[in-house]
Each structure stands twice: as C-alpha cells, then as structure tokens.
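Below: the structure, in structure tokens.
What follows is calculated from the coordinates using simple rules that are stated; it is not laboratory data. These numbers come from a predicted model, not from an experiment. Here Cβ is always computed from backbone atoms with ideal geometry, including for glycine, and neighbour counts include all displayed protein chains.
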Amino acid sequence: MATKTVPTSTVPQGTAYGRPPQQSNDEWTRVGPGTPCGEFMRRYWQPVLASTSVTNRPKEVRILGENLIIFRDGEGRPGLLYPRCMHRGTSLFWGHVEKDGIRCCYHGWKFDVEGNCIEQPCEPKSGLQRAEHRQPWYPVREQYGLVWAYMGPPDRIPAMPRFSCMEPLQDGEVYFAVDNSMGSHGDINGPETVPYSWLHMNDNIMDPFHVQVLHTTFSVVQFVREFASMPTVKFEEIGNGVVYKAYRTLEDGREFERVSTWMLPNIMSVPSIELAEGPSTSLGFAVPVDDTHCRILMCTRADPDYNPMGRNVGMAKLKPWSQMTVEERQDRPGDYEAQAGQGPMSLHSEEHLVTSDKGIAMQRRTLNREIEKVMHGGDPTGVAFDEADAMIEVPSGNFFT
Amino acid sequence: MATKTVPTSTVPQGTAYGRPPQQSNDEWTRVGPGTPCGEFMRRYWQPVLASTSVTNRPKEVRILGENLIIFRDGEGRPGLLYPRCMHRGTSLFWGHVEKDGIRCCYHGWKFDVEGNCIEQPCEPKSGLQRAEHRQPWYPVREQYGLVWAYMGPPDRIPAMPRFSCMEPLQDGEVYFAVDNSMGSHGDINGPETVPYSWLHMNDNIMDPFHVQVLHTTFSVVQFVREFASMPTVKFEEIGNGVVYKAYRTLEDGREFERVSTWMLPNIMSVPSIELAEGPSTSLGFAVPVDDTHCRILMCTRADPDYNPMGRNVGMAKLKPWSQMTVEERQDRPGDYEAQAGQGPMSLHSEEHLVTSDKGIAMQRRTLNREIEKVMHGGDPTGVAFDEADAMIEVPSGNFFT
Amino acid sequence: MATKTVPTSTVPQGTAYGRPPQQSNDEWTRVGPGTPCGEFMRRYWQPVLASTSVTNRPKEVRILGENLIIFRDGEGRPGLLYPRCMHRGTSLFWGHVEKDGIRCCYHGWKFDVEGNCIEQPCEPKSGLQRAEHRQPWYPVREQYGLVWAYMGPPDRIPAMPRFSCMEPLQDGEVYFAVDNSMGSHGDINGPETVPYSWLHMNDNIMDPFHVQVLHTTFSVVQFVREFASMPTVKFEEIGNGVVYKAYRTLEDGREFERVSTWMLPNIMSVPSIELAEGPSTSLGFAVPVDDTHCRILMCTRADPDYNPMGRNVGMAKLKPWSQMTVEERQDRPGDYEAQAGQGPMSLHSEEHLVTSDKGIAMQRRTLNREIEKVMHGGDPTGVAFDEADAMIEVPSGNFFT
C-alpha cells in the first residue's frame, strides 16, 4: 500500500530504528545458586564484610543472590546463617546474640555460629530432637581485617588464600578494611553497595585507558595529574589472572611503570592512586550481591594514620559523592557514573571492544575458561586445597626509574 | 577434572549450600478471586473497616485481592463498590458523595450503594439505558462497630454471624472497633495494614508458647509478667475452630486458666492481655488484603473510657511502634517483627512443626478440610443461612481459681 | 454438598462477584518498537521537548518506550541519540557536550548529532575504525518552539508537517511551547509526564460533555462558567481526524459555536479555554512515553506576554495542582484525576460507550483503520512526502454570532 517514494538523498542512515534485541551474557552476570558464574564464584572464599562491621547486632547481608544474617557471638566468633529460623521461619535479624549463639525472638530457639540448635525452650526437655534442626550456615574466617565466607560445595572447600602484597605486616603496620564500595564512589559515607553487576568493576580494573580520560582529562584530576598522559600498555595473562604494565615518561623525566593485577575470580590489586612508590599493599574485591548489585571491599596494610579517602588525590578536595547533585555528578563523573551508566547488567551484545580493551578481552577469556572448568566438575585455577599452596604472588606496584 | 581430595575432617556439615527450592502452600495464602482459599474466605461475612472509618469521603480499600471503594451516603448507608466507573473507567475515588449515592467526577454518573445507576446527566433524558449500567457492588452490614461485606457467590449469602462474647451489651457498655492492625504492632498510629499474609497472624493465635518468649522473657514484658512462666497447654478442635487452654500456677498461689479461641475462617478471640477476669469481650479478624498483606481488625464491648492501647500492659510504657528505630525494634521485637520476619508469605516447605505447634497443626487440618469442602461445592462450617442459627458460642476468657 | 437454600428474595443482584477478566486493547496502548500502535506512531514526526528544554546539558528522555539522550551541541544543533555508548555501553547522560558533539565520560569517544564517531582518544590515531562505530540516532527538527523527532523506518521519513493554526505568525507574535503535561494537571510546576497511556488524553479531547461536568458543575468552575450549560454537539470524521462542534446559547443571548479537532495520530487542537474569539492558535500532543506514561506538549503562537497558566480561568485562582493534598484533589478533581483514575492503561473490555461518547467511537474507528493500514505496509493518512503537501488545515476555534 505504500505509494510514495522517499528520495534516497533524504533517507537517514544509521538511525536507532529497528535495532536488534539487546542482551547480557548471563554466564558472566548471573550469580545465584546453580548458575554457571554463581557456582564458579562459590568455589572461592569471598570477603563478606569488614571485621569491624560484624558485631553482636545481627545484620542482613546479601551475597551471590542469597540473603543471610551475619553476627559475632559473645565469644567473638563470626557467624553467617540462613536467615529464616528452621522452626517457623522468622528472620534471625530479630534475634538476640548471646555468648554462644543467636536466639530467635519468636520461640527462643538458639543456634551457634555453625547452625547447631542448642536450645528450644518451648519444647519438652529443651528439645529432644534438636539435632534434626540444624540452621543452614556457611563457614567463615577472618583475615586482613575482613570476614570471609565459603559458600560452595562442602567437599570442595579450599584453604584460605593468602596474598603476597598483604603480608607480612611491616613494623607498625595494621590492616584496614572498608566494605562500603568506596572503590566505586570514593566516599566513606557513600552507599554500601552499588546497583550494577560485579562485572562492571571487574572490567574497569583491566582498563588503564579510562584513567587518562575519566579520572584525569575529562573534567577534573580525580587522582593525580601524572595520569594525564596516555600510557603505553602491555597486557599479560598469568594463569590465575591478567596483569597490565602502563608506561609513562613523567614531566620530571622519570620513567613510570604502573603494574596492576586482576586475579580470579573477582580480585583487584590496584597500586596506590597517590603513586606511592613500590609494591602494592592493598587488595580489592568486587563481590556480587546479586545479578545487578555489587559490594566493593578493600583491605590495606598501612600505618595507623592511614586515611582510606586519600590525602593528596584530587577527589579529596572535592565535595564527597553522597553530597553531590545529579548535575554536579554530570559535571564530574567518576567510576560510579561510568559503571552505573552501563546499567544494572551491561548489554554485551552491543559492546564494541577495540584495541584499548585488550585487557578486558583477556579477562573474559580467562573467566570463560574457568567457568567452563567448574561446569564440567573441575576445580578452578587459583584455589588451593593445602595451606602450603595457598600463597598468591601479586606483582602490582608503582615503579619509577 | 576435580583432582584434589579435601580431607573429610575439614568438610563442613549442614551448610546452606544446595538447599532445595522453597515454597509456600498456595492453598492457604492465595486469596484472589477463583483461588481455593479466596473462594473459601468469600463464603463468610468479612469485616472491612471500622464504622467510624466509613464516611462521605470515598476511601480506597483492598480486600481479598480486590480494589474497592467504600463510602457512606448522605442517608448514612455504607456502600462498597467496584472502583472503575461502568462508563469509561474513572475511579470513583474521585467521585463526590450525595444524599442517595456517589457521583463520578468525569461525566456525572451517579450510583447508589447497591450500584444502581440513578443519573447520567450527559445522556438524553438522563440516561434511558441506565438499568444496563449497574456498578458492581457488594452487600454490606454494620455490627459491633464494624462494616462487614459479603463478597461471595450471591446465592450462598449467609446470615450475619453473631458472637456470644460480643453481646448483649452490659449496662453502660459501648462497642469500640479498630481497623489499623494494632493487633500486630500495638500502635494506634501504626500502619493500617501489615505486609504479610493473613496466615501469619492466624498461626500466631493458636501459639500460646510465643507469649512466654517473644512477649515476656525475650526482651521486656510487653503484656504482663504473669506470662513469664511456661504454661501447660491443652488444644482441642471444636468443629468451627480450635481452642487452647493454657494453665499456670501464679506466684500468689492462684491457678490461672487462659482460654483462647480460633474460629473459621480467620477469627481470633484472645482474652484480655491485662488478664481482666472472666469471659472475653472482644474479637479479632485477620482479613486478607491480598496474598501478601493483611488488615487486623478488632472489636470490643467496654466502658466508654476503654483505651485500645492498654493501660497496664508493659508496651503502654514504651515508645510506640511507629516511632521506634530498626535497632530499637531489634532490641524489643514484638508480633510485627516475628510475623513480618516470616516474609510476605511464609515458606511452608521449610517449616519444622514441633510439639509446641500442635494448635497450628489443628488449625491447618481444619482449614484444609473446609477449603476442600468449598472446592467441592459444599458450604463451609461456621456459616448459617437462617438468622436463628447465626449465634456462635465463644469460650474464651481468663479464669482464676 | 451445599445443603441449604438461600431464599431468592435475599439473593443480591449485580454484585461484583465473578466478574470476567479485564483487559486493555493492546493495539491502542502498546507503543514499543514492533507493536502495531508503536509502528503507526513512528510514522509521524513526534514532538519530544520544548526547544528551550534542549540545552548543552544532556537530558534523558523516554519516548515510545525508548530511552534516549537529547542535547544541543555547541553550534546549536539538537541531537537525539541512543543512550548507551557504542563502545562499552556507558550512558551518554554522563557525557559532556562540545562544539561539534557529545563526548562519553568513560573513554572519551565523541559523537556528532547524527551519531558519527568523530574521536576515539584511547585508540591508535584517534580511531581508524571510527566509521564502524556510529552511535544510533534519530533525525530531529525544530518548529513552533518544539524539537521534533522521526523514529520510524528511514525510507518512510515524511516531510515536516505544518498546521494552519500555527502560522503565519501575526505581527508581534512569538511561539510558546510547554512540555510538562500542563494539559493534564494545569500546573507549570507539575510533573513532566503523567502516569497513564496517551489514549486517556486522546479520548478526553473528543469528549465535549466532560467539560460541562468535570470542569464546570462538579466542583468549581475550572475554565469559564459559560461551559455550565450542556451543549448540543455534532461530530464529524474528516479523514485525518475527527471534529466536534458544540453549540450553546449564552446568557447574553449570543450563539456560541466551539469547534475542536483531533488529528492523527495524537494531535489535539482545542480552542482557547478562556473563550478567546476566532480560530485556534495552538496545538497539543499526547506523546507516549511508554505504554503507561504520556507527555503532553503544547505550542501556541501569541503575544510575548502570554501566560500558559491562563489569566481569566477559574483554575488560575486556585492552589496549583502540585501543592494540593489528595483530599483537595478529591474535592476538586480535574483532567489529571479523571484520567489517572482510569489506571495506567484503561480496561477497554469494561467500558460502556454511550450516546455522548460518539466522538471517541469515531476516533477509535479512525485509529483502527490507520493502524491496520501501517500493519499491512501502507502509509498512514496525515503524512506527506512532499513539503508542498505538508500543510494541514485545522478548523478549530470559538465562534460567536
């Protein structure tokens, strides 16, 4: 029925009409129980919160799509339990912590940090069948100022990983840990979690080029002005991750080599953004809250006067993120805006990876290989079953010559 | 491909990994039109609001998953209508109440409390086909200070139920009714409805043991300290419900028998929580708003100076619920926390009913039987089709010897 | 099993029990890509925002179910782009506008208003494959104070429509445009969009009778008191729309003829509500934001002291909509309440169109015909492919004799 012909010269090219359906790669972003990435992630110890956030007040925490309750009993032991009381399902969030466990508010059942039911006051003789009522729980450990959990198959529990950059503590050093996603918004008072997939932060970490644009030349110097020159970069796959080396000649004539490391499954070793010289002394983790939310945790060994907000970086002199208006964030976007701007899950079918995305391509190849391995019953790279094998070498650092 | 073996001694037992899928029992919790429980509930008169809440200002009310408009016309008649005007669908919430009905704002159609269209001002001769435009409505009655509705099949409309505990009024007594779910949060200024299934409150009512824990020994004495001793309890099925008798020997040597009654389908007769002696003088109702919300209504016959917040109970001396922080609610959880803590719908597949849950088991057996009966075309227990049969005996009370 | 019989006299008639399932007519309300109405709407130029709302600060705009970014480059050219940067998907909302385009915050890719990628700073030689990375865009034009877009198939792009009521500008006249849905709530500070389908406002416009009820006699005089008399109305289909002529004899003896026009696909020409005499000098548009939201835009040619809030209408003396409480809105509902009261999408299966809805019936017949035509490959009525055919005659006006 169309009868008129539109002259070719006026037909617009490349419009947004008729775009194909968009999609995320679910194998990277879905992290719930039983999903390929979820099962892969569960094979590693994951940091849950900073040790200082785990107290005798029960706290709700969501990790890998599971809602859990975390607390520290009167003896100092952290516990991570399934939230619904085994009895009639009331949340242990409303429970009270005692010396040896947590007591449900409704009928007083008490569970220790490993889920054993140790009291049922409304039952004859305090509960003769208590042993059948074990509250589901997850093993936890404390290390580097963080509480870690293992949420995978019990018979594949690995040894706790250790990292060369985190130990030993030097004279006077202590561990600092933050669990409020400062690695995204840079604000100690910002939101605890960020509303996007763990993969956004993961991608960000093997992307040395955005440092030049987003953090330095696009609006203001968010870190230091040395990043204003575009680096020459070498990427390298190292089996349990990817390393990049970014080279710059500084204005004062020094050669600056910045080495940054990403490790399986979601571990980030970024050297000091204040350009402190030498090997890195911190680690970061992009821990999935669920498919569309992430918590970024960081631990550092440093002197007691360490300030996680930074002292000499550009951002430290600006209004903190949580106080900025949307317009101010448009004027000076940072990692939060760039990553949240990719949406709750990025649409991988629409990406166009180019030369500068080589590190991301390596990461994804590594992730694909390891997810595949776990799907087929194997153990992923980067887990050790013997404590003697549990130390991981981390080459990150700022080096000047 | 898994090559390493984890020593059996280090394999954790009973962890939360690999839990089976959770599920609610839909036959108890789904209450919309056409659902087994919804049709069962619709066979009884249900209280909608307190009479004092029904005025000449139209109000939105949601009950059994249906959105409705309730109002009182200029002659004092309550009306409960389908909200979308039969004409072009504007909500009667924006209508104005007149002496003989409610008028839609858009084109002025006027409907009486039984849905008859009595005016169509934009139509020739004020609407010659008005009779074809009856607005869907539900029959309502007022009793005990409440407005009740019958939302079931028209040809199964029962006589209005009466309750022995509510009449006759003694000298000087009047009816009080509250419709804001105080039975959950205890706060006359608290939210009108609660964000969980009617079944949570229903379960709560045949659970005498939580009174000892949640309301007395867990944090503070919310009612009276006499409840601090664990009772001996007898449960009994009575055809149209379940009764429990809780026995305690008080410190002053008296024997205390507390009789509490649950009646089909969602009626609760709890004796005075201030331990006023004698038969109960009130009733409560856990009326489903929808599958995941509930309104708790109460009516009481009492002297004109009756205070529904209680005078001598522990809670009366504490900060009201709606002013408490989450931390304060964690310190002193009550029925709201215990029940909301079970989630919008409890996950029955995960419950472990024990000795102290015998009353709940009886209730559920009764519910299953009656829902089944209605599904097969029968009339449920507890409805009468003749006013002469409509009085229901309620044995509840506090008795001391 | 039902054993008792309810006497026929007590069986209520016409109750809300057992209503059939409700449904909207999706062919009118669904507007996303690929839907019948969505593809029909996309065949016309649609106004997006007022020209004054399009600045060098990128703005998110949603239209026909698509999220887009609109901005004006440093040379004054408006641009309407797909929001996700072609590179790694960050939203261009966080980009900065430059003289010749918009630059993404993450890696600095710059696109002009037609989506051409003109810079890739992190790539060798600023991006040798830039031509492959065209950002999806839509053609835009400015006219009558509005920015218009064509979102349809490129080879069916029509000439920009012109309207007889909008030109030529008379001596001293200028164009005013508002894009904040004042046509619904009447408040220059009210919400930009309204939470209901475009069809509600569309219906409203060929409904002369609600003016007598809703706007005049129901609560207060919202426009002028001349509308208090019920008009005699003639409706007429005009090929590209519907016209009504409403006749009233005024108190001063004058005969008043009010001519109002609806044009394909969603264009409204309502004469002055202050009853300014003569042909209409404005146009309105009910532009779908998505299936359940709409933006109402208006353009007017008028003297520079024109006040879009009206000067002499009843509403101008009342509290503005955005400051009213719900109760005040119940007391004095207007178009917003009547239309939002129909729900996010009206339930057409429940409507009862009567004599006074004749104009709406004509509109729907026209819509059905044109949507059908587009579904079968035809060009809809009201689009021209030659500028010489692009002028549309609009008969609206207030005429007194």
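Could you give the dipole magnitude of segment B:251-351 about its Cα centre, charging the beta-carbon of Lys and Arg +1 and that of Asp and Glu -1, in debye to the nearest 20?
340
Residue order for A:110, C:234, fewest other beta carbons within 10 angstrom first, comes to C:234, A:110.
Pairs of Cα atoms in the protein assembly as shown fall into 20 Å distance bins, from 0 up to the last occupied one, in shares of 10, 30, 35, 23, 3, 0 percent.
The separation of segment B:57-115 from segment B:242-278, counted between C-alpha centres, amounts to 42 Å.
Residue pairs exceeding 32 angstrom between C-alpha atoms, taken from A:317/C:59; A:234/C:59; A:317/B:319; A:59/C:59; B:110/C:245; C:99/C:125: A:234/C:59; A:317/B:319; A:59/C:59. For chain C, C:37, C:105, C:117, C:122, C:165, C:294, C:299 stand unpaired, since no other cysteine beta carbon lies under 4.7 Å from theirs. Relative to the other identical copies, residue A:381 shows label-point distances of 6.8, 6.8 nm, where the label point lies 7 Å from Cα along the Cβ direction and values run shortest first. Each copy carries residue B:162; placing its label point 7 Å along the C-beta direction from Cα gives inter-copy distances of 8.3, 8.3 nm, listed from smallest up. Candidates C:218, C:92, A:65 compared by Cα position along the dipole of the protein assembly as shown: farthest toward the positive end lies A:65, with charges placed on Cβ. If only the Cβ of Lys and Arg carry +1 and only the Cβ of Asp and Glu carry -1, the dipole of the protein assembly as shown around its Cα centre is close to 680 debye.
Net charge dipole, segment B:141-197: roughly 260 debye, given to the nearest 20, about the Cα centre with Cβ charges of +1 for Lys and Arg and -1 for Asp and Glu.
So for chain C, averaging the separation of alpha carbon pairs under 8 Å that are six or more residues apart and normalising by length, what relative contact order in percent results? Provide the component values of the computation, followed by the final result.
Working: 839 pairs, mean separation 83.2, N = 401.
21 percent.
Can you pull a Stokes-Einstein diffusion coefficient for segment A:42-186 at 37 °C (0.692 mPa s), Rh from Kirkwood over Cα pairs, as a whole number of µm²/s? List each step's numbers first, then the result.
Values: Rh = 16.4 Å.
Answer, rounded: 200 µm²/s.
Counting neighbouring Cβ atoms within 10 Å and putting the fewest first, the residues C:97, B:54, C:394 line up as C:97, C:394, B:54.
Taking label points 7 Å from Cα along the Cα-to-Cβ direction, residue C:347 and residue A:160 give a separation of 5.9 nm. Approximating the spin labels as points 7 Å out from Cα along Cα→Cβ, the residue C:232-to-residue A:393 distance works out to 9.9 nm. Based on the convex hull around the alpha carbon atoms, segment A:58-116 presents an average projected area of 3.6 nm².
For segment C:44-157, the relative contact order is 26 percent, taking Cα pairs closer than 8 Å that sit 6 or more residues apart in sequence and dividing their mean separation by the residue count.
What number do you get for segment B:271-401 when its Cα radius of gyration is normalised by 2.2 N^0.38 Å, N = residues?
Details: Rg = 18.7 Å, N = 131, 2.2 N^0.38 = 14.0 Å.
The value comes to 1.33.
Between identical copies, the spacing of residue C:249 label points, each set 7 Å from Cα toward the C-beta atom, reads 9.7, 9.7 nm from nearest to farthest. For segment A:20-74, the spread of Cα positions along the three principal axes, ordered from largest to smallest, is 55, 23, 17 Å.
Each of residue B:328 and residue C:56 was given a label point 7 Å from its Cα along the Cα-to-Cβ line. The distance between the two points is 5.2 nm.
Fewest neighbouring Cβ atoms within 10 Å first, the residues A:94, C:28, A:262 line up as C:28, A:94, A:262.
What number, in nm² with one decimal, is the all-direction average of the projected area of the convex hull of the alpha-carbon atoms of segment A:1-40?
Numbers: hull surface 21.8 nm².
Averaged projected area of segment A:1-40's Cα convex hull equals 5.5 nm².
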